[in-house]
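Chemist: Structure incoming, see below.
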Amino acid sequence: MKHILKMATVAAALAAPAWAEKPDDGLVHESASAMEGKTVAYVPIAMGFDLTEAWASGLRKDAEAWGYNLTIRDPNWSVDAGAQALSQLITEKPDVIVVHPPEIQAYARLLKQAARAGIPVITMNLKASENTDYFIGADWYDIAVQQTEQLIEICGKSNGGSGQVAVIQGVLTNPTSQYGMMAIEATMAAHEGELEMVSNQAADWDASKAHAIATTVLKANPDLCGFAGMWDNMDVGIAAAIKEAGKQGDVHVVTSGGGNKDSACDNVENGNFDSYISYDAAGQARDLMMAVRAVLQNPPEEAAAHPVAVYTPLKTITKESLYPGACWSLDDLNTYGP
Amino acid sequence: MSFRRSLARARYKYVPDHVLGELLSKNWVDNAIPVLILVLTLVVLGSLLDGLVSVSSLLGMSAQYGEVLLVTIGMTVVLLAGGIDLSVGSVFALANFVMLALFNMMGLPIGVAIFGALACGAAVGAVNGILIGYLKLRAFLTTLVSMIIVRAIVDMLLLSYAVKIANPVTESAFWDFISFETLWGLPFSFLAAAVVAIAGHVLLTRLRPGWRILAVGGSRRSAYNAGLPVKRTVASTYVISGVLAALAGVFYASRLNAAGSGTGAGLEIVALTAAVVGGNSLGGGRGSIFKAVLGAVIVLLVTNSVIRLGLPAGGDSLVLGLILLLAVGIDVKWVKNRSKLVSRVYVSPAHMELSERPETAEGSGSPYALNDKLADVELIGLGQIDGPEDPVLDEDGNIYAGTRHGDIIRFRAPDFAEPEVFVHIGGHPLGLTFDRDGNLLACIAGMGVYSISPQREIRKLTDQTNRSLTSIIDDSRMRLADDLDVAPDGRIFFSEATVRFDMSDWMVDALEARGNGRIISFDPASGKTRTILPNLRFPNGICMCRDGESFLFAQTWGCSISRYWFAGPKTGKVDVVVPDLPGYPDNINRASDGGYWVALVGMRTPAFDLILKNPALRKRMVERVAPDEWLFPNMNYGCVVKIDIDGTVTDCLWDRSGTNHPMITSMREHKGWLYLGGVSNNRIGRYRIPGADPEWTAAKSYRGEAA
Amino acid sequence: MSGGGKKARGISQEGIVIAISAVIFLVFAVTQPVFRTPENILSLIQNVSILGILAVAMALTIIGRGIDLSLVAIMAVSAAWVLQLSNNGMPIGLACLIGLGLALLIGLVNGILIAYLEIPAIFATLAIATAAYGFVRSMLLEDNLIYLKAAQDTWFKVIGSGDVLGVPNPVILFAIVALVVHLFLKHAVKGRFLYAMGENPSAARITGLPNRPMVLLQYLLAAAIAFLAGLIMATSVDSIETRIARSTLVYDIILVVVIGGVGLAGGKGKVRNVIVGTLMIGILLNGMTILNTPYTIQNIIKSVILLAAIIVDSVMNPRDEQTSQQGDI
């Protein structure tokens, strides 16, 4: 064992790091060596969709630049597989774990275990009930408040609308739904008499299910004015149903998402979505890179003792505010970095 | 030439060809495929992933393994009874929720909470069981619906309580122990699953309810017709599955302390895959807990490794799907072809060389010369008895004989007109004899040695002997007990013709011509059964010599008669008495003139003698030719020979036409008559022995009253 | 010969389902004025037309004593590849042909595994569903969710979103598929073979029917129908989410098929049964959505009614210990 260690040291010394040539400004060498050779583990809900790919692209860029190892465990939408991947990682003790919890509670106990094992954890976008060293992501309550306020602006009775709106949720135990519904109800209560929720259903993040529900809701409520969606990838189904019913322009869709061009700007431009609240996954990716750097350079003495909240600034995209660069594309991200 | 021959002899003596067939016919060989897949998985994934096959990595999986194994065992039990349970994933989620709700949210004592969770699982299982077992709904559809209903109920509950149930209002040392601590480095769920696995194994292999499950799964209709409680048995498997899924859910609750809509989703597919990859068959009847254990290991290793491999999105599904396909494909082919393979390789001929065949031609002057002395044999019970291998007479002259139907038939003296069933015992009773107390002792093919009192009480004497360490076949059980005799000290010596073939295939043993048989002694005083002479070529008739220290025994395929001393100065010695008979000797019994009657069940033929020297030819024949066309020893024509103790032939009785007694497996002398039996005859023959002592009976001879 | 067995003994399951559906329909129609509008009835059918088309494909395989758990995967990956090819600049017609080829290829693999390697259909198709999704997703597709972009303004878009005389195209396509399969099963020689094979495969084989090629045909047909369903889905929501391959949609399809009275043991059932099952689910879902019933409650109600239907069927037509088939789960 010792022998292998020695060999590894020799190997590391032979392959002299790039930063060793640079002049030392007092921090650059120290910080770089703190990151080199460390291990960062990333457990998303699943790889292969815009949000998680955007974050991964940031981590990959940094892993290359600073010489840390990035290991991605893809549970592919299975909560159980994610939990198992997480417990496996806890036994492997990486230097930091980046986790994207699918549900509020599912990983809580494992996150506590990770903290006890002294592994710093960064939670992405979906706030678990357990606090970790960093939380980087959207404030779902705020998003839903903004969505409801926009619906009031468009559909509110005092603004000449019918006031009838429908809500289509995703997975119910997800923070998006949990805090989103609270926000919608509270905001509607605060503006009493403006809006009336004629339908509230869950479509499990599935566009075709959303399509089926929206079609029926549209038929059942001829005076419907707007839909509050919870994720762009699902809400394209609502938009399609509206288009089919020939009601584009009469029925409005207010949704949210990571600001990927295909899902966000394109859909706003062609009128599928009237208003889109972006939590800019590219910006989150950059936040994540920085948080990982910070933790690697300066590991917390006691994991999860002092959580840092990095709530993502929200950006509302409408046809009017559709400036070039309002959205990002994954190709660009992978090529040029976040 | 002779070098080649001795080389061939050595090759067939020392290379254990028969081992392969015996291995393949073992039930546990079914596990070979999953074991092979497991080894392959470990090798491939272990080389791709550093540290996969390490203690810490495996321990990291053990908690999850415990849960998956519990569910897989439940699924296996249901599969074995011919059903399927798709609701396990939902029951798992329900139990997880109930556990957390009762303990964390309502603060009930830990025991009550666990009981509540298990009761929920049992309740869902009972509903499934009643619908499928009693109302005879289709398992697939019913459990599919209950899966959706239970899942919907859990989702509904979660909507209101998901956050609340995660924050415990109470504490329990036991719960903390299950949740966080380990015993001998292993998590509690793993140990619990191990206990359940062992209990399940015992249930299925050793206990009546388990046998019923297998019987119902193997053939529901037969089980129903046999009077088994099919409905109850089927229903109970779903309850078992429900409780085990719930137990797994309780452990999940302890591990994660959270409930979500994804909890347990797809678990039914994981469990089903594990059960099938392990080699349990869909449709029931075939499988074991061990297979479930193996399957669960494979599936878990693969799923966890695939996540760690970091493949591009979708790559994990590709790998999983292919492995599932491969495992099931191999399993299907194996199940389909195993019996074919066994029948191809099971028969493994050995080398054997018989000495010159004695002349039997009429007028040749040979002691075996053909005659027609049996031409006028009287027939007893013609067409009323099927397969009297060894008729025996009691002191009153009544005839007893076994039949293929498992009866012992009695013909009453003096006219032997009507057969009556003396006892029904099962198996195929072969060699019979009376002990000194007038009990009828019987060797029963497929069962062992039994004693029947004059009052018709059946008592098992022995059905197993010592297991020899080198045998792959379980040779402790008696497959083909053939003939027996009682020594003066009360010990019973009996032959077991072969340990490799059942009664129905006894002739195939001739093609092997290997020493597959043995002679066994049973001592009624100590109750001990011991194999005393192993590796005999179809040992058959046994008859006590008059010295009280030895017996004669025949080796059918060896065409010889030997003498074994079980007492006295020559104890343990074997002498060959007749080395080269012209036919295949069967039973041996005492004659009134001090000699011994030997039945020759068939006559040697030059062709068969020749192929005995050529095992490879026989092997090819067995592999390529239909069994109907195999070259067998001639069993259509035989005779009775009388020898003296030195092996000199003193008489020979033939039935030239072969119509009265086409096959002779035994003969008994009684009061001047010779009674003839044949294992495939439908009659008993009776031949008046010219000049024989009309008062002589075997019983008197054994008591030493006459010579 | 087919489907008649049950009728002879009593009220058929189909009859029971029709009765239940009628009752539910009446209840909704009386209590909910919106429900009985012609527009709503059409949208009711439209919402279940994809389910119905997939169910027809499933029924084909089940009648031939198989099952195809890979239908949803075939539908999702083949349609997604069509969209991606077209987005990358390929003419939509050619893309459709290639997509159809992909679907048929997966169907062919299914058939070969089941017919020639004799792997039980339930496992072969389960494994292929996973493997095919994995293969296409990792090798051919760039994302889980593929949008309909390039072909937005072509004839292609009309498949799932247009209408003829007010009747939405998905409904028309459902009707066409049902009719074609009905004619195939009823009048084509191969269709009759399928029943014979499902009823008793050994007897069919001994009689000289080409069992193995028939199994291939059955899965190829199912795959082609699934491909059509995929095009409808993609064009009606302007995108296709390949993750649907891993959803529980396939269970819903089986339920629809079996609830209408197609026997899982094979050899029994008609397209009519599938339509009955589809309509029942459609009425239920539509009515409950109008009532604004939460999704989870919808699931419970839907399953309880399904359970009631199969219990009633089982009580009316009890299975006999002497005649039930081994391995018929």
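The values are calculated or read from the model by the stated rules, or taken from the named source; none is laboratory data. The model shown is predicted, which means the values in this text are computed figures rather than measured ones. Backbone-built Cβ (ideal geometry, glycine too); neighbour counts: all protein chains shown. Ligands, DNA and RNA are excluded from the accessible area calculation, which covers all protein heavy atoms including side chains. Shrake-Rupley method; radii C 1.70, N 1.55, O 1.52, S 1.80 Å.
Chemist: Which Cα, out of C:Asn211, C:Thr125, C:Asn88, lies furthest along the positive dipole direction of the range C:49-270 (beta carbon charges, K/R +1, D/E -1)?
Modeler: It is C:Asn211, whose Cα lies furthest towards the positive end.
Chemist: Show me you know the interface measure: the accessible area buried between C and B, both chains summed, probe 1.4 Å, in Å² to the nearest 100. Kindly include the intermediate steps, with their values, before the conclusion.
Modeler: Values: alone 15390 and 30380 Å², together 41250 Å².
Chain pair C/B: roughly 4500 Å² of buried accessible area.
Chemist: Let me ask you something else. Can you work out the Karplus-derived ³J(HN,Hα) for every residue in the range B:282-294? Use 6.51 cos²θ - 1.76 cosθ + 1.60 with θ = phi - 60°, whole Hz, and x for glycine or proline.
Modeler: The phi angles translate into 5, x, x, x, 10, x, 7, 5, 4, 5, 4, 4, 4 Hz.
Chemist: Please compute the modelled spin-label separation between B:Val576 and B:Ala194, points set 7 Å along Cα→Cβ, answer in nm with one decimal.
Modeler: Modelled inter-label distance: 5.7 nm.
Chemist: Round to a whole angstrom and tell me the spacing of the C-alpha centers of the range B:128-181 and the range B:591-650.
Modeler: So the separation of the two Cα centres works out to 69 Å.
Chemist: Any of C:Lys186/C:Lys302; B:Lys231/C:Lys270; A:Lys157/A:Lys247 with alpha carbons more than 25 Å apart? Name them for me.
Modeler: On the way: C:Lys186/C:Lys302 31 Å; B:Lys231/C:Lys270 31 Å; A:Lys157/A:Lys247 19 Å.
Distance filter (> 25 Å) returns C:Lys186/C:Lys302; B:Lys231/C:Lys270.
Chemist: Still on this structure, I have one more. Search the structure for amide H atoms under 5 Å from the amide H of B:Leu461, placed 1.01 Å from N in the peptide plane, and list their residues when 5 or more places away or on another chain.
Modeler: B:Val449, B:Tyr450, B:Ser451
Chemist: Further question on the same structure: What is the range A:140-278's relative contact order, in percent, from Cα pairs under 8 angstrom and six or more apart in sequence?
Modeler: Values: 266 pairs, mean separation 33.7, N = 139.
Relative contact order comes out at 24 percent.
Chemist: Let me spell out the model: positive unit charges on the Cβ of Lys and Arg, negative unit charges on the Cβ of Asp and Glu, origin at the Cα centre of the range B:149-208. What dipole size does that give, in debye rounded to 20?
Modeler: Values: 4 positive and 4 negative charges, 81 e Å.
With Lys and Arg at +1 and Asp and Glu at -1, about 380 debye.
Chemist: Report, by chain and number, residues whose modeled amide H sits under 5 Å from the one on B:Val601, excluding near sequence neighbours (fewer than 5 apart, same chain).
Modeler: Counting only residues 5 or more places away or on other chains, the set is B:Tyr584, B:Asp586.
Chemist: A further question follows. If I take R0 = 45 Å and measure r between the Cβ atoms of B:Ser476 and C:Val304 in this structure, what FRET efficiency does the formula 1/(1 + (r/R0)^6) give, to the nearest 0.05?
Modeler: Values: r = 56 Å, r/R0 = 1.25.
The computed FRET efficiency comes out at 0.20.
Chemist: Out of the range A:210-301, which GluC sites (Glu not before Pro) are coil in DSSP terms and have no more than 13 other C-beta atoms within 10 Å? Walk me through the numbers before you get to the answer.
Modeler: Details: sites: A:Glu244, A:Glu269, A:Glu301; in loops: A:Glu301.
Loop-located and lightly packed - A:Glu301.
Chemist: Suppose a student asked you for the relative contact order of chain A, using Cα pairs under 8 Å spaced at least 6 residues apart; what percent would you report?
Modeler: Numbers: 649 pairs, mean separation 61.5, N = 338.
Rounded, it is 18 percent for chain A.
Chemist: For the range B:391-407, take each phi angle, set θ = phi - 60°, evaluate the Karplus expression 6.51 cos²θ - 1.76 cosθ + 1.60, and give the result in whole Hz per residue in order, putting x for glycine and proline.
Modeler: x, 9, 10, 8, 5, 8, x, 6, 9, 10, 8, x, 10, 5, 7, x, 9
Chemist: Aspartates and glutamates within cross-link reach of B:Lys373: Cα-Cα under 19 Å, excluding same-chain residues under 8 positions apart?
Modeler: Counting by Cα, and skipping residues close in sequence, B:Lys373 has these aspartates and glutamates nearby: B:Glu359, B:Glu362, B:Asp593, B:Asp651, B:Asp655, B:Glu669, B:Asp693.
Chemist: May I ask you to evaluate 6.51 cos²θ - 1.76 cosθ + 1.60, the Karplus curve with θ = phi - 60°, for each residue of the range B:42-50 and list the ³J(HN,Hα) values in order in whole Hz, giving x for glycine and proline?
Modeler: Per-residue couplings from phi come out as 4, 5, 5, 5, x, 7, 7, 10, 5 Hz.
Chemist: Express the relative contact order of chain B as a whole percentage, based on alpha carbon pairs under 8 Å and six or more residues apart in sequence.
Modeler: Values: 1546 pairs, mean separation 86.4, N = 707.
In percent, rounded to a whole number, it is 12.
Chemist: B:Lys336: which lysines have alpha carbons under 25 Å from its alpha carbon, excluding same-chain residues fewer than 8 sequence positions away?
Modeler: Result set, ordered by chain and number: B:Lys26, B:Lys291, B:Lys619.
Chemist: Using the crude model of +1 on Lys and Arg Cβ and -1 on Asp and Glu Cβ, and no other charge, please compute the dipole size for chain A relative to its Cα centre, in debye to 20.
Modeler: On the way: 22 positive and 42 negative charges, 188 e Å.
Using Cβ point charges on Lys, Arg, Asp and Glu, chain A gives about 900 debye.
Chemist: Also, I was wondering about something else. So, in Å, what gap is there between the alpha-carbon centers of the range A:318-338 and the range C:68-119?
Modeler: Each part's Cα centre sits 33 Å from the other's.
Chemist: Which percent of the accessible heavy-atom area of the range C:123-184 goes to carbon and sulfur, probe 1.4 angstrom? Can you show the working numbers first?
Modeler: Details: 1800 of 2520 Å².
In the range C:123-184, the share of accessible area belonging to carbon and sulfur is 71 percent.
Chemist: Here is a follow-up. Amide H to amide H under 5 Å from B:Asn371: which residues, 5+ apart in sequence or cross-chain, H placed 1.01 Å off N in plane?
Modeler: Amide H to amide H, under 5 Å and 5 or more residues apart or across chains, B:Asn371 pairs with B:Trp654.
Chemist: May I pose another question? Give me the 1.4 Å probe accessible area per residue for chain B, excluding ligands and nucleic acids, in Å².
Modeler: Values: 27000 Å² over 707 residues.
Roughly 38 Å² per residue, with all protein chains present.
Chemist: Report, in listed order, any pair from B:Lys570/B:Lys642; A:Lys38/A:Lys61; B:Lys136/C:Lys268 with a Cα-Cα distance greater than 20 Å. Present the calculation step by step, with values, prior to reporting the outcome.
Modeler: Numbers: B:Lys570/B:Lys642 25 Å; A:Lys38/A:Lys61 15 Å; B:Lys136/C:Lys268 18 Å.
In this structure, B:Lys570/B:Lys642 lie more than 20 Å apart at Cα.
Chemist: Tell me, what are the semi-axes, in whole angstrom and largest first, of the equivalent ellipsoid of the range C:49-270 as set by the roots of 5 times the Cα gyration tensor eigenvalues?
Modeler: Whole-Å semi-axes of the equivalent ellipsoid: 29, 19, 14.
Chemist: How many angstrom separate the Cα center of the range A:198-240 from the Cα center of the range B:54-100?
Modeler: Spelled out, the Cα-based centre of one part sits 36 Å from the other.
Chemist: Take the eigenvalues of the Cα gyration tensor for the protein assembly as shown, scale each by 5, and report the square roots as semi-axes in whole Å, largest first. Intermediate results must be reported in sequence, preceding the final value.
Modeler: On the way: eigenvalues 1180, 260, 156 Å².
Over the Cα atoms of the protein assembly as shown, the semi-axes work out to 77, 36, 28 Å.
Chemist: Give the cross-link partners of B:Lys671 among the lysines, using a straight C-alpha distance below 16 Å as the criterion and excluding same-chain residues fewer than 8 apart.
Modeler: B:Lys700
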